[in-house]
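The values are calculated or read from the model by the stated rules, or taken from the named source; none is laboratory data. Source: prediction; values computed, not measured. As a convention, Cβ positions derive from the backbone with ideal geometry for all residues, glycine included, and neighbour counts pool all protein chains shown.
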Amino acid sequence: MKAIPTTVLAALIGKLHEQAKRYNPALESAPIAVLWTDEKREWEAVLPQIKQQLPELFSLGAYAPDQRIGPGVWLRMVADRQVGKLEGIPILYLPGVSNGSLRTDLRGVKEDPQLAPLAELQFRGLFWRQENSKDWTLRAFLESKRNGMGLTVAGNHETARALAAAFGKLLNRNLPALIGQNIDERFLDQLMNPNPDEDVLRWLTAPDEIQQEKANAWDTFVATSHTRFGVDMSKGPVEVAQKILACQTGDAAYPLWEKYCAHWHSYPDIYEVFKHISPPDLLQGAERYPSENEADERKLADALLQAVTLEPNAAANKVLELEQKHQSRRETLWAQMEHAPLATAMQYLAEISRAFLSPLNGGTVADFSQHYAETGWRIDAAARESIAIAQTADLEKPIYAVLETLYRRWLEKAAESFQQLVQRDGYPHWSLPDVPDGTVVVFVDGLRFDLARELKEKLVDEGLAAQLEHGFTSIPSVTSSGKVWVSPVGELAEGGSSGGFDPKLPKGDYTAEKLRKAIEANGFCIVDTENPSIANGQGWGEFPGDIDSDGHKKGLRLARAAPAHLDDLKRTIRRLFAAGWKEVWVVTDHGWILLPGGLPKAELPAKIAETKWGRCAILKDSVDDQDWLVLPWSYDATVRIALARGISAFSSGREYDHGGLSPQESIIPLLRVSRPGPVEGQPKLTSISWNSRKTICSVIASDAAELDLSLERLAFPIGEGNAIDKDGKGRVIFEEVDDLLGEQVSLVLRRDGQKVCEEKFNFGEVWHAA
C-alpha cells in the first residue's frame with residue numbers, strides 16, 4: 001500500500017520525485033534533471049530546510065558546493081553526472097527564473113552567463129510547474145488539487161505575507177491534520193507563536209526538544225503553564241499526563257484535555273504516553289484511560305472466540321450480548337482514533353447476528369428480491385465492513401470466526417431459499433429500460449448491490465439525485481453473458497454456437513469490441529469515461545476499475561479496496577456530468593460473495609459437461625439434472641446451465657467467488673443518477689472576437705466562472721490562456737500567428753482539466769453564437 005506522507009515537507013519531496021517519473025519510457029528517454037523555476041523567489045528561504053531531506057536538490061547561485069549551490073555551468077555538470085555522486089535524478093532550483101522565460105526567450109537566455117548553460121536542459125529534462133505552465137507559488141502548491149496538496153488557503157494579502165514567514169514551520173506540520181483547516185493569517189500566526197496549551201501537549205512527548213526551543217523563556221513557560229493549567233511541568237511528562245487524564249469539566253487542566261480531543265491528529269505520540277497510565281478509580285472515568293480500553297478490546301476478542309464454540313443460535317445471542325456491553329466504547333475518543341476497532345466491528349457483527357436469528361422474508365421471487373434490495377444487502381455490507389476492520393487492525397481471528405459461524409449460515413439459508421423460489425416460480429426476466437436522450441449508461445464489472453447503495457449515498461451527499469432499482473442478471477452471470485444482458489442491445493443477442501457462455505451478437509459471438517460496435521450501430525455513442533467528449537444523444541461507457549477482477553486477485557482484501565473503486569466511480573460520474581450528460585445510469589453484470597474460509601465445493605465431473613466454470617457448467621444433452629440446480633440459458637432455453645446449490649461452487653476454497661444462484665450474485669442494481677432540477681448552467685461560449693493584430697482572442701462565456709480557457713489546434717494549446725472571470729470574460733494571448741491564418745482551431749473550456757465545452761472555427765474569424 002502506498003504510504004501517505006505525514007508532513008507537508010514529505011509530500012513536497014514526494015511531488016518532486018513523482019515529476020522525475022512523468023515521461024513515457026516507450027517514447028522518451030529518462031529526463032536527466034528536474035528544473036524548478038521560481039521567478040518570485042518564494043521558495044528560496046526554505047530551500048536549506050528542504051535540502052536537508054532531499055540530497056539531490058541543487059540551486060543556482062554563487063559557488064558553494066558544500067551547500068549544493070553553484071553557477072549555471074556547474075549545475076549543467078551536475079545534470080550530466082560530471083560532478084558528485086548522485087542517486088536519482090538531480091533537481092535544479094533556479095531562483096529568479098521563470099520557466100516561461102527559459103522556454104520562450106532563448107535570445108535573452110543566450111546573453112545570460114548563468115542561464116545559457118542550462119537552456120538546453122529543458123529538452124532533456126522536465127519542469128516542475130503547475131498544469132497551467134506557471135511556476136509553483138507557495139499558495140498554489142498548498143491549494144492546488146492537481147499535483148498540489150489540495151488544502152484551503154485564504155487569498156488575502158495578509159495571509160500571503162504570513163505564509164512567506166511561516167512556511168518553514170508549515171513544512172513540518174502533520175499533513176492529515178491540515179485537511180479541512182482554513183490556512184489564513186490567524187492560523188499562521190498561531191503557527192509562528194504557538195499557544196501554551198499546544199506547547200504543553202507537544203512537551204509530553206518531546207520534553208527536551210521543547211525546553212531547548214523555549215531557551216531562556218523556559219522557566220517563564222513552566223510558571224505560566226502552572227498558573228494557567230494547574231500542571232507542574234518540573235515533575236515530568238507522566239505527572240502532567242496523569243493530571244490531564246484525571247481532570248473534569250471546570251478543572252484548570254481541562255482545556256488541555258479539550259485541546260487534545262479536538263486536535264489529536266496533531267499529537268500522534270501522546271497516546272503512547274497516556275496508555276501507560278492507570279485510572280486511580282475504576283468506578284469513575286475509566287473510559288478516559290486508553291489502558292482500560294485496550295484491556296476491554298482483549299477481553300472482547302477472547303469472548304468472541306468463546307462464543308463461536310456455542311451452538312449457532314446461542315453464539316448469535318452471545319454476540320448481541322457483547323454488543324450491548326461494548327457499544328458505548330464506540331463513542332470514546334479512543335474509538336475515534338481507531339484504537340477500539342473490535343468495538344467498532346461489533347455493530348456489524350451484531351447486525352449479522354440479528355439477521356441470522358430472524359426468518360427470511362419473501363413468499364415469491366419478487367418478494368424475496370424486493371426485501372433483499374431494501375434491507376438484505378445490509379448484511380453483506382456489514383460482513384464487508386467487518387472484514388476490512390479485521391485486516392486493518394489484525395483482528396482476523398475473532399472477526400473471521402464469527403463470520404464463518406454466522407454469516408456463512410445466513411448466506412446458505414438465503415441462497416437456498418432464493419433457489420427454491422426460482423425453481424418453483426422460474427427465474428425472472430429483466431432487461432435495461434429504454435434509454436432517453438442525454439443519458440449515458442456506464443457498465444461496472446462486479447458492482448454488488450451493497451456497493452451500489454453506498455455509491456448512491458455518496459452521490460446524494462454531494463447534491464446529486466440518485467434512484468436505485470433492482471433487476472436480475474442473466475443465467476449464467478459470467479461477464480460475457482451478463483454484460484450483454486444489461487446493455488442496450490441485450491434483446492438483440494441470442495444463443496451462440498461456440499459451446500461456451502458467449503451470446504451471439506449481430507456481428508458474431510461475443511467479444512467486448514463486437515458488443516461496442518453493436519451498441520454503436522443501435523444509435524449509441526461510445527463514451528470514454530476517463531476523457532468524455534461533449535454529450536450527444538445516448539451513450540455507453542465502461543468503468544475501467546474492474547471490481548470483479550480485483551476481487552479474484554485480492555480475495556478478502558477486496559473489502560479494503562472497494563471504497564477506492566467507489567470513489568473512482570463517483571469521480572467518473574462527475575466527469576460525465578461535466579461533459580453535459582443529463583443522466584448517468586450505472587449497470588453491472590453480477591455480484592459476488594466474500595467469505596472467510598472460502599466457499600464450499602460441489603462436485604461436477606468434467607466428463608458430463610460441455611463447458612465448466614467455477615460458478616456454472618453446460619450439461620451434455622444425455623445427462624440428467626441430478627443434484628445440481630439446472631436452469632435454461634438466458635439466450636437459448638434448450639441449453640441447460642448447471643449451478644451448484646447453496647453458496648457452493650464447482651471450485652474449492654475461494655474466499656471471493658460467485659457460488660450458486662445467490663441473491664448477492666443475481667440481484668443487480670440499476671442506479672440512475674441526475675443533477676437535481678433542469679440541466680441549466682452548462683458552460684458555453686457566447687462570443688468570440690480578436691484584436692486587430694490577431695494576437696489576443698477575447699471570449700464571453702456563460703456559467704463558466706473560474707473554468708480554464710485554452711485555444712487549441714489538433715488538441716495542442718496555442719498561446720497562454722487564463723481562467724474565465726466572474727463576469728464571464730476570458731482571453732488567450734499568443735505571439736506569431738501567420739502560419740495559423742485560415743487553420744481550424746478550437747476554443748475549449750475545462751474544469752479540473754476535463755473538457756466541458758468546445759467551439760471550432762477558423763483562426764482569426766469573428767464568431768458569435770447563434
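Scanning the range 82-98 for residues that are surrounded by fewer than 21 Cβ atoms within 10 Å (Cβ to Cβ), touching a residue at least 40 places away in the same chain (Cβ under 8 Å) and not hydrophobic (A, V, I, L, M, F, W, C) gives Gly88, Pro95, Gly96, Ser98.
Per-residue answers, yes or no, for (1) surrounded by 17 or more Cβ atoms within 10 Å (Cβ to Cβ); (2) under 30 Å from the mean Cα position of the chain (by Cα); (3) under 26 Å from Ser674 (Cα atoms):
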| position | (1), (2), (3) |
| --- | --- |
| Asp450 | yes, yes, yes |
| Lys456 | yes, yes, yes |
| Gln467 | no, yes, yes |
| Pro476 | yes, no, no |
| Ser480 | yes, yes, no |
| Ser487 | yes, yes, yes |
| Gly490 | yes, no, yes |
| Ala493 | yes, no, no |
| Gly508 | no, no, no |
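So which residues in the range 345-373 are touching a residue at least 24 places away in the same chain (Cβ under 8 Å) and acidic (Asp, Glu)? Once the filter is applied, which keeps residues that are touching a residue at least 24 places away in the same chain (Cβ under 8 Å) and acidic (Asp, Glu), the range 345-373 yields only Glu351. Within the range 24-52, the residues that satisfy the criterion of being farther than 21 Å from Ala165 by Cα and either among the aliphatic types (A, V, I, L, M) or not assigned by TED's automatic domain parsing to the domain that holds Ser101 (or both) are Ala26, Leu27, Ala30, Ile32, Ala33, Val34, Leu35.
If you go through the range 26-65 and pick out every residue that is in contact with a Phe, Trp or Tyr (Cβ under 8 Å, 6 or more places away or on another chain), in a loop (DSSP other than H, G, I, E, B) and β-branched (Val, Ile, Thr), you end up with 0.
Scanning the range 387-407 for residues that are within 19 Å of Gln306 (Cβ to Cβ) and not small (Gly, Ala, Ser) turns up Leu395, Glu396, Lys397, Pro398, Ile399, Tyr400, Val402, Leu403, Glu404, Thr405, Leu406, Tyr407. A single entry from Tyr23, Tyr63 fulfils the requirement of being among the hydroxyl-bearing types (Ser, Thr, Tyr), farther than 24 Å from Asn172 by Cα and free of Cβ contacts under 8 Å to residues at least 60 places away in the same chain: Tyr63. Taking first residues from the range 553-577 that are in the same structural domain as Gly539 (by TED's automatic domain parsing) and β-branched (Val, Ile, Thr) and partners that are modelled with pLDDT of 95 or more and in a helix (DSSP H, G or I), the Cβ contacts under 9 Å between residues at least 6 apart in sequence or on separate chains come to Ile573/Leu455; Ile573/Leu459. Here is a check on your reading of the model: is Pro341 closer than 25 Å to Tyr267 by Cα, in contact (Cβ under 8 Å) with a residue 40 or more places away in the chain and not small (Gly, Ala, Ser)? Answer is yes for this residue. Taking interchain pairs and intrachain pairs at least six residues apart, which have beta carbon atoms under 7 angstrom, with the first residue in the range 650-662 and without any contact (Cβ under 8 Å) to a residue 60 or more places away in the chain and the second surrounded by 22 or more Cβ atoms within 10 Å (Cβ to Cβ) and part of a loop (DSSP other than H, G, I, E, B)? Sorted first by the residue in the range 650-662, then by its partner, the pairs are Phe650/Ala644.
Reported count of residues in the range 206-259, each being more than 39 Å from the chain's Cα centre (by Cα) and part of a loop (DSSP other than H, G, I, E, B), is 11.
Within the range 724-737, one or more residues are at negative phi, surrounded by 15 or more Cβ atoms within 10 Å (Cβ to Cβ), of a type outside the set (Gly, Ala, Ser) and at pLDDT below 85. At least 2 residues being within 24 Å of Gly719 (Cβ to Cβ), more than 28 Å from the chain's Cα centre (by Cα) and among the polar types (S, T, N, Q) is the threshold, and among the helices (runs of 4 or more DSSP H) wholly inside the range 81-171 those reaching it are 99-104. For the subset of the range 172-185 comprising residues that are part of a strand (DSSP E or B) and of a type outside the set (A, V, I, L, M, F, W, C), which member is surrounded by the most Cβ atoms within 10 Å (Cβ to Cβ)? Once the filter is applied, the top-ranked residue is Asn174.
Flag not set for Asp296, criterion: in contact (Cβ under 8 Å) with a residue 40 or more places away in the chain, out of contact with any Asp or Glu (no Cβ under 6 Å at 6 or more places or on another chain), within 30 Å of Leu175 (Cα to Cα) and among the acidic types (Asp, Glu).
When Gly70, Gly84 are checked against the criterion of being more than 20 Å from Leu142 (Cβ to Cβ) and in contact with a helix residue (DSSP H, G or I) (Cβ under 7 Å, 6 or more places away or on another chain), a single residue qualifies: Gly84.
Residue-wise test of (1) closer than 24 Å to Lys570 by Cα; (2) outside the structural domain of Ile573 (by TED's automatic domain parsing); (3) without any contact (Cβ under 8 Å) to a residue 24 or more places away in the chain.
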| residue | (1), (2), (3) |
| --- | --- |
| Leu670 | yes, no, no |
| Trp690 | no, yes, no |
| Ile696 | no, yes, no |
| Ala704 | yes, yes, no |
| Ile733 | no, yes, no |
| Val737 | no, yes, no |
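Within the range 662-670, is there a residue that is at pLDDT 90 or above and β-branched (Val, Ile, Thr)? Looking for residues that are at pLDDT 90 or above and β-branched (Val, Ile, Thr), one finds at least one in the range 662-670, hence yes. No other residue among Val732, Val756, Val745 is outside any loop (DSSP other than H, G, I, E, B), of a type in the set (A, V, I, L, M) and farther than 16 Å from Ser689 by Cα apart from Val756. Among the residues making up the range 222-260, those that are farther than 12 Å from Leu204 by Cα and of a type in the set (Phe, Trp, Tyr) are Phe229, Tyr254, Trp257. Glu42 passes every criterion in (1) in contact with a Ser or Thr (Cβ under 8 Å, 6 or more places away or on another chain); (2) surrounded by fewer than 16 Cβ atoms within 10 Å (Cβ to Cβ) apart from (2).
Residues in the range 513-530 that are over 18 Å from Val586 (Cβ atoms) and surrounded by 13 or more Cβ atoms within 10 Å (Cβ to Cβ): Lys514, Lys517, Ala518, Glu520, Ala521, Asn522.
Would you confirm whether or not the range 405-421 contains a residue that is free of Cβ contacts under 8 Å to residues at least 40 places away in the same chain and over 30 Å from Lys275 (Cβ atoms)? If you could, list the steps in order and put the result at the bottom.
Step one: of the range 405-421, the residues free of Cβ contacts under 8 Å to residues at least 40 places away in the same chain are 420.
Now drop any that are not over 30 Å from Lys275 (Cβ atoms), which leaves 420.
Yes: the range 405-421 contains one or more residues that are free of Cβ contacts under 8 Å to residues at least 40 places away in the same chain and over 30 Å from Lys275 (Cβ atoms).
The condition of being of a type in the set (Gly, Ala, Ser), at pLDDT 95 or above and farther than 26 Å from Val756 by Cα does not hold for Gly496. Of the residues Lys15, Lys51, the single one that is modelled with pLDDT of 90 or more and touching a Lys or Arg at 6+ places or on another chain (Cβ under 7 Å) is Lys51. Only residues that are in contact with a Phe, Trp or Tyr (Cβ under 6 Å, 6 or more places away or on another chain) and aromatic (Phe, Trp, Tyr) were counted across the range 593-621, and they come to 0.
Among what's in the range 422-448 and is within 23 Å of Glu665 (Cβ to Cβ) and of a type in the set (Gly, Ala, Ser), pick the residue that is surrounded by the fewest Cβ atoms within 10 Å (Cβ to Cβ). Step by step, filter the range 422-448, then rank; the result is Gly426.
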